[in-house]
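Note sheet for the following structure.
The values are calculated or read from the model by the stated rules, or taken from the named source; none is laboratory data. From a predicted model like this one, the values you see are computed outputs, not experimental measurements. Quick reminder, even Gly has a Cβ in these numbers, built from the backbone with ideal geometry, and neighbours come from all protein chains shown.
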């Protein structure tokens, strides 16, 4: 199996950047559009969880905007073959509103790259990578 084929990493990086832009903009339809449209889609958040795309859509629609200035750190994209990827990143905000980490599993489906599982949690600080 090919791990981290450059062209696949680039595809996932572009999708992840689009997802992040939608998240920062608070564009619910775009955010949800990056997820697999399935009852089996899972997202575990800091104090929440959604099972299925419709639960995700309802939850996302009720959320306030993110604090300004969200920053990503240490983003790592690992691909397996041409159809599976895992994205891990840390995030924080200039005002210290939250420091966290997120993991997303992306799969190339007929509709394109989609997140099939996501996990977000808080951490004490964004670690520096050595």
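Observations, loosely collected:
- Pairs where the first residue, in the stretch 54-76, is on the phi > 0 side of the Ramachandran plot and the second is surrounded by 14 or more Cβ atoms within 10 Å (Cβ to Cβ) and assigned to a loop (DSSP other than H, G, I, E, B), C-beta under 7 Å, 6+ apart: 69/93
- Residues within the stretch 1-38 that are without any contact (Cβ under 8 Å) to a residue 24 or more places away in the chain, surrounded by 13 or more Cβ atoms within 10 Å (Cβ to Cβ) and touching a strand residue (DSSP E or B) at 6+ places or on another chain (Cβ under 9 Å), tallied: 1
- In the set (1) outside any strand (DSSP E or B); (2) within 30 Å of residue 2 (Cα to Cα), residue 57 fails one condition alone, (2).
- Entirely in the stretch 67-109, the strands (runs of 3 or more DSSP E) that have 1 or more residues that are loosely packed, with under 14 Cβ neighbours inside 10 Å: 71-80, 99-109
- Number of positions in the stretch 110-122 that are surrounded by 13 or more Cβ atoms within 10 Å (Cβ to Cβ) and over 14 Å from residue 13 (Cα atoms): 5
- Residue count for the stretch 77-113, restricted to those that are without any contact (Cβ under 8 Å) to a residue 12 or more places away in the chain and either touching a strand residue (DSSP E or B) at 6+ places or on another chain (Cβ under 9 Å) or closer than 21 Å to residue 30 by Cα (or both): 1.
- Residue in the stretch 7-30 that is in a loop (DSSP other than H, G, I, E, B) and under 14 Å from residue 102 (Cα atoms) present: no
- Counted residues, the stretch 36-47 - those being under 15 Å from the mean Cα position of the chain (by Cα) and modelled with pLDDT under 95: 2
- Some residue of the stretch 39-58 being loosely packed, with under 14 Cβ neighbours inside 10 Å and under 27 Å from residue 10 (Cα atoms): yes
- Where residue 61 falls short, out of the listed (1) exposed (fewer than 12 other Cβ atoms within 10 Å of the Cβ); (2) more than 22 Å from residue 111 (Cβ to Cβ): (2)
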